[in-house]
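> This is the structure, below, for whatever I ask next.
Since every read-out is calculated from the coordinates, none of them should be taken as a lab result. Only a predicted model underlies this, so the values are computations on that prediction, with no experimental measurement involved. Methodologically, a virtual Cβ is constructed for each residue, glycine included, from the backbone with ideal geometry; neighbour enumeration extends over all protein chains shown.
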Amino acid sequence: MRICVPTETNEGLNAKVHEHFGSAPFFTIYDTEKNEIKTIDNTNAHHSHGMCHPIGVLGTSSIDAVVCQGMGMRAVQKLNEANIKAFRAVAGTVSEIIKRCQNSQLQEITIENACVQHGCH
């Protein structure tokens with residue numbers, strides 16, 4: 001499984017999760033089968049609310065899941081259309097989030113519960 005965690009820095013497993021998917025400065029991708037990690041700069045981090053295109057930034061990184069503190073409805077919809085699941089994480093490092101994900105301790109983000117941290121629903 002390839003897990004994408006939007007992060008504040010490019011410190012690999014020690015990077016802290018960013019509050020929101022589309023505006024994260026980096027995307028840290030961890031491959032659980034190969035035990036490999038890579039970081040991608042989010043060239044679309046500065047955008048108007050609801051106008052982000054993070055899937056375009058991720059490009060050919062073929063991921064299976066995104067784990068972040070929050071994301072909007074449209075991002076969830078676009079990820080789901082690409083057969084990518086989204087999960088909600090509490091603050092922490094990539095390493096901590098990967099462990100929670102592997103232990104099925106994360107809530108899935110759906111269109112119905114997306115963006116709750118901003119009071120959108």
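> Which of the lysines could a cross-linker span from Lys99 if the Cα-Cα distance has to be under 18 Å and same-chain partners fewer than 8 positions apart are dropped?
Lys16, Lys34, Lys38, Lys85
> What FRET efficiency do you get for Asp31 and Gln77 if R0 is 25 Å and r is their Cβ-Cβ distance, rounded to the nearest 0.05?
0.50
> Work out how much length Glu19 to Asn113 would gain on full extension: take 0.36 nm times their residue separation and subtract the Cα-Cα distance, in nm to one decimal.
So the extension gain works out to 32.3 nm.
> Between Glu96 and Ile40, what length in nm is gained on full extension when 0.36 nm per residue of separation is reduced by their alpha carbon distance?
So the extension gain works out to 18.2 nm.
> Turning to a different aspect of this structure: What ranking do Leu13, Leu106 get, fewest neighbouring Cβ atoms within 10 angstrom at the top?
Going from least to most buried by this count: Leu13, Leu106.
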